[in-house]
Amino acid sequence: MENDGILCQVCQGVLLASDRKAYTPARGRLIVTNGYCGGGCAERLPRRRVSAEAERQQQPSMPAPQAPPVRTPTFQH
């Protein structure tokens, strides 16, 4: 089944249909699994991108933590 025009590109929720004939069993399964799109996703998307970019720029870049070297015991005979 092609989901273009059925699912929101941002939240993957099911978009409301303009005609009751569009509510098929397949669409019903998508509604149960994905829920409905609450609307306004396109307006929220740019802020998320901007805030994520701003957050990345504000955080100082630190090297990734590294595990200390593993020492193996040496046996003397």
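Summary table
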read-out	value
Nonlocal amide H pairs with Leu7, under 5 Å, H built at 1.01 Å	Leu15
Projected label distance in nm at Thr72 and Val10, using a 7 Å step from Cα toward the beta-carbon	5.6 nm
Tyr36 long-range amide H proximity, modeled H, under 5 Å	Val14
Burial ranking of peptide ranges 23-30, 5-12 (average Cβ count within 10 Å, highest at the top)	5-12, 23-30
Spin-label pair Tyr36/Ala17, simplified geometry with 7 Å Cα→Cβ offset, distance in nm	1.4 nm
From phi via Karplus (6.51, -1.76, 1.60), per-residue ³J(HN,Hα) for segment 24-39 in Hz, x at Gly/Pro	8, x, 5, 5, x, 5, 5, 5, 5, 7, 9, x, 8, 6, x, x
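FYI, it's all coordinate maths here, none of it is from the lab. Computed from a prediction, not measured in an experiment: that's the story for all the values here. Virtual Cβ from ideal backbone geometry, glycine too; neighbours counted across all protein chains shown.
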